[in-house]
């Protein structure tokens with residue numbers, strides 16, 4: 001009987017080690033279909049996914065789970081994604097987390113507003129998957145040194 005807990009502990013250790021090599025992405029999206037599609041796409045590409053349809057919960061998840069990247073919808077039911085981005089960028093715990101705006105807002109000036117709020121990139125819906133994946137990889141690869149540097 002004593003081997004069962006040891007096996008369980010080894011399983012936890014392996015899961016933890018595997019997860020430390022995987023990049024964690026927080027998806028903030030209020031449309032259930034879009035959320036499911038992004039979750040499945042990113043998981044299939046080896047990312048660990050956190051998700052929420054609400055901006056205030058996104059702030060809590062970002063603080064508590066420290067994702068490597070956030071995909072932020074701009075139109076959320078409780079608070080604007082741009083306001084969430086501003087709050088995250090003002091918080092010492094979350095200001096270094098890169099954020100990509102993923103939104104149906106595609107009017108002139110919307111991209112500029114997203115970048116001014118603190119987003120590292122702007123992806124308009126409907127999403128072109130290759131563009132999204134390239135943006136994610138580019139930001140994650142360029143943010144590695146910054147995440148490890150002293151603040």
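All of the numbers you see were taken from the coordinates with simple rules; none came from a lab. Quantities reported herein were computed from a predicted structural model and do not represent experimental measurements. Cβ: placed from backbone, ideal geometry, glycine included. Neighbour counts: every protein chain shown.
Points to keep in mind about this one:
- Tail weight of P(r) past 18 Å, computed on alpha-carbon pairs of segment 25-141, percent: 43 percent
- Using a Förster distance of 25 Å, the FRET efficiency for residue 45-residue 95 (Cβ separation, nearest 0.05): 0.45
- Spacing of the modelled spin labels on residue 116 and residue 140, each 7 Å from Cα toward Cβ, amounts to 3.1 nm.
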